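Enquirer: First the structure, then my questions, so here it is.
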Amino acid sequence: MADAKKAVLGPLVGAVDQGTSSTRFFVFNPKTAEVLSYHQVEIKQEFPKEGWVEEDPKEILQSVYECIEKTCEKLGQQSIEISNIKAFGVTNQRETTIVWDKLTGEPLYNAVVWLDLRTQSTVEMLNKSVSVSNNFVKTKTGLPISTYFSAVKLNWLINNVRKVKKAVEDGKALFGTVDSWLIWNMTGGVNGGVHCTDVSNASRTMLFNIHSLQWDEELCNFFEIPISMLPRIRSSSEIYGLMKTGTLEGVPISGCLGDQSAALVGQLCLQDGQAKSTYGTGCFLLCNTGQKCVTSEHGLLTTVAYKLGREEPVYYALEGSIAIAGAVVTWLKSNLEIIKASKDIEKLAEKVGSSYGCYFVPAFSGLYAPYWDPSARGIICGLTQFTNKCHIAFAALEAVCFQTREILDAMNSDCGIPLKHLQVDGGMTSNKILMQLQADILCIPVIKPLMPQTTALGAAMAAGAAEGVSVWSLDPKDLSVVQMETFEPQIKAEESEVRYSTWKKAVMKSMGWVITQSPESGGEASIFGSLTLGFYVVSSMVILIGARYI
């Protein structure tokens with residue numbers, strides 16, 4: 001039986017999918033794009049101060065090793081030979097910033113996660129120093145100066161963490177997004193580990209020229225970052241090195257894509273004009289613009305989609321980034337405790353079928369596209385005595401859909417040809433109410449693959465297609481057609497417009513909420529940093545002292 005199974009399966013390809021909230025490892029059959037086995041491990045996030053989001057780089061790395069070993073164990077239980085795995089790829093949360101010591105392999109600080117807001121005042125200061133009419137940062141990178149991207153996080157680490165600053169001065173510091181940290185460790189770490197990244201991840205750092213496909217000296221000088229600590233730029237599909245530990249020792253690591261680029265590939269959006277939206281911690285809508293680098297006039301990002309081989313052309317995308325999507329469900333579970341598990345939000349929303357005028361803007365990390373306002377904060381408005389937790393749950397799901405509508409409108413304006421349908425993927429797409437809401441609010445069909453792991457699939461495709469591996473054909477005629485489920489709009493366009501315009505009013509009220517008072521620092525803020533708070537504390541002390549003598 002085992003021999004028959006081996007003969008039928010042939011070569012297999014793995015994929016590490018390292019996301020913001022979890023790590024997973026999948027093994028795929030390239031002939032059918034079928035998942036044969038996988039394992040998942042949750043990742044803990046830390047919030048040391050308001051607006052700060054961190055993760056432990058060692059925990060991230062250990063979770064990858066654990067997922068690989070457990071998945072291989074499961075394959076063994078299915079009588080599938082591990083030796084069938086001919087390569088694996090890596091896809092990762094983008095922009096998250098890690099600095100480590102190349103001599104010891106030790107992280108010099110926690111990973112600063114893409115959602116982190118500690119660099120807000122640095123961003124405001126840098127924006128003032130760049131000419132609006134001649135913004136060389138936007139021209140070279142396709143990105144606005146924002147807390148979102150790696151350059152400002154790295155600048156903060158160098159200026160505020162003594163260990164990082166010293167390692168940089170001593171020439172011992174290495175920088176990487178999560179892909180670089182994983183590949184360096186898995187290919188040997190201090191014993192010859194490969195320090196590299198691919199073009200899709202590099203394009204999210206704000207240090208990479210998306211036209212020349214190289215690190216840019218002017219950008220590095222602007223953000224005060226030594227170019228020597230940056231990883232080597234590679235394509236998204238080539239052998240970077242061999243796995244040096246564990247069950248997959250000796251297997252090539254041959255695919256690397258930022259998670260949203262991987263989902264674009266996995267959704268087979270490989271032609272100019274094809275688009276997908278991924279619903280995870282955040283929500284990201286990408287439209288493939290082919291070999292043209294399209295500049296957005298409506299608040300979208302121009303980014304590198306992929307380069308599937310050293311000799312292959314680079315493909316670009318327009319991207320709309322939403323910071324909070326699945327994270328709003330986590331917030332309802334962990335902070336408000338109105339649901340016990342993330343899946344419970346669907347049951348709550350189903351009970352009411354409407355928000356009854358309640359609107360939720362989950363701007364917990366400011367607003368990303370198309371506004372790029374880090375001073376925005378979350379609001380829930382339109383509340384009455386009738387409002388209950390079910391309406392808030394419904395409004396939270398609706399908020400994800402409204403944010404996507406804003407992105408789609410901007411994309412349609414930039415591309416000139418409105419999308420006739422939207423392909424979707426990611427963990428939240430299992431929520432049927434969300435998918436139907438999305439179709440209703442966009443007024444176009446929403447198409448979801450029945451196999452939702454398209455991010456991991458994209459990384460596996462890149463790895464399997466790499467020169468020297470060549471077990472996965474990317475020729476359109478050879479690609480397996482993924483079965484889809486379609487959600488058609490069920491409300492009139494007029495009703496959708498009314499709800500959307502009310503949402504826009506709520507968004508306007510969420511903006512300009514926070515006024516930055518001083519640059520961030522690693523030290524503790526003074527309790528008297530806020531005049532209002534200082535006055536309150538002093539007056540309270542006077543009243544307490546006075547009360548003793550009354």
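The values are calculated or read from the model by the stated rules, or taken from the named source; none is laboratory data. Only a predicted model underlies this, so the values are computations on that prediction, with no experimental measurement involved. Please note: Cβ atoms are built from the backbone with ideal geometry, for glycine as well, and neighbour counts cover all protein chains shown. The accessibility values were calculated without ligands, DNA or RNA, using every heavy atom of the protein model including side chains. Shrake-Rupley method; radii C 1.70, N 1.55, O 1.52, S 1.80 Å.
Enquirer: Within the stretch 15-22, is even one residue farther than 15 Å from THR177 by Cα and open to solvent by 10 Å² or more (accessible area, probe 1.4 Å)?
Expert: Yes, there is a match, as at least one residue in the stretch 15-22 is farther than 15 Å from THR177 by Cα and open to solvent by 10 Å² or more (accessible area, probe 1.4 Å).
Enquirer: Would you please name the residue that is nearest to LYS505 (Cα to Cα), looking only at residues in the stretch 394-436 that are of a type in the set (S, T, N, Q) and more than 23 Å from the chain's Cα centre (by Cα)? Full working, then the answer.
Expert: Within the stretch 394-436, the subset of a type in the set (S, T, N, Q) is 403-404, 412-413, 423, 429-431, 436.
Filter once more, keeping what is more than 23 Å from the chain's Cα centre (by Cα): 413, 436.
Numbers: SER413: 21, GLN436: 23 Å.
Checking each candidate, the answer is SER413.
Enquirer: Further question on the same structure: Identify, by number, the condition in (1) part of a strand (DSSP E or B); (2) without any contact (Cβ under 8 Å) to a residue 60 or more places away in the chain that ALA341 doesn't meet.
Expert: Checking ALA341 against (1) part of a strand (DSSP E or B); (2) without any contact (Cβ under 8 Å) to a residue 60 or more places away in the chain, the one that fails is (1).
Enquirer: Go through (1) out of contact with any Gly (no Cβ under 8 Å at 6 or more places or on another chain); (2) surrounded by fewer than 19 Cβ atoms within 10 Å (Cβ to Cβ); (3) not charged (D, E, K, R) one by one and return the number of the condition SER342 breaks.
Expert: Unmet for SER342, out of (1) out of contact with any Gly (no Cβ under 8 Å at 6 or more places or on another chain); (2) surrounded by fewer than 19 Cβ atoms within 10 Å (Cβ to Cβ); (3) not charged (D, E, K, R): (1).
Enquirer: Identify the residue in the stretch 313-333 that is modelled with pLDDT of 85 or more, more than 19 Å from ASN431 (Cα to Cα) and not aliphatic (A, V, I, L, M) and, among all such residues, is surrounded by the fewest Cβ atoms within 10 Å (Cβ to Cβ).
Expert: Among those residues, the one meeting the criterion is PRO313.
Enquirer: Just give me the residues in the stretch 410-429 being open to solvent by 20 Å² or more (accessible area, probe 1.4 Å), in contact (Cβ under 8 Å) with a residue 40 or more places away in the chain and in a helix (DSSP H, G or I), in sequence order.
Expert: SER413, ASP414, CYS415, GLY427, MET428 - these are the residues of the stretch 410-429 that are open to solvent by 20 Å² or more (accessible area, probe 1.4 Å), in contact (Cβ under 8 Å) with a residue 40 or more places away in the chain and in a helix (DSSP H, G or I).
Enquirer: In the stretch 194-224, how many residues are open to solvent by 10 Å² or more (accessible area, probe 1.4 Å) and in contact (Cβ under 8 Å) with a residue 40 or more places away in the chain?
Expert: Count: 9.
Enquirer: A further question follows. For the stretch 119-138, give me the residue count where each residue is among the small types (Gly, Ala, Ser) and either surrounded by 15 or more Cβ atoms within 10 Å (Cβ to Cβ) or modelled with pLDDT of 80 or more (or both).
Expert: 2
Enquirer: Has the stretch 67-84 got any residue that is open to solvent by less than 10 Å² (accessible area, probe 1.4 Å), modelled with pLDDT of 95 or more and in contact with an Asp or Glu (Cβ under 7 Å, 6 or more places away or on another chain)?
Expert: Within the stretch 67-84, not a single residue is open to solvent by less than 10 Å² (accessible area, probe 1.4 Å), modelled with pLDDT of 95 or more and in contact with an Asp or Glu (Cβ under 7 Å, 6 or more places away or on another chain).
Enquirer: Any residue that is closer than 27 Å to GLN423 by Cα and without any contact (Cβ under 8 Å) to a residue 12 or more places away in the chain - is there at least one of those in the stretch 293-310?
Expert: We begin by selecting, within the stretch 293-310, every residue closer than 27 Å to GLN423 by Cα; these are 293-309.
Next, only the ones that are without any contact (Cβ under 8 Å) to a residue 12 or more places away in the chain stay: none.
No, the stretch 293-310 has no match at all.
Enquirer: Right, something else. Could you list, in sequence order, the residues of the stretch 456-478 that are modelled with pLDDT of 90 or more and either in a helix (DSSP H, G or I) or among the basic types (Lys, Arg) (or both)?
Expert: Within the stretch 456-478, ALA456, LEU457, GLY458, ALA459, ALA460, MET461, ALA462, ALA463, GLY464, ALA465 qualify.
Enquirer: Same structure, new question: Hey, among the residues in the stretch 345-386 that are modelled with pLDDT of 90 or more and among the hydroxyl-bearing types (Ser, Thr, Tyr), which one's most open to solvent (accessible area, probe 1.4 Å)?
Expert: The extreme case among them is THR384.
Enquirer: So which residues in the stretch 234-248 are under 20 Å from THR71 (Cβ atoms) and of a type in the set (Gly, Ala, Ser)?
Expert: Hit for the stretch 234-248 is GLY246, nothing else.
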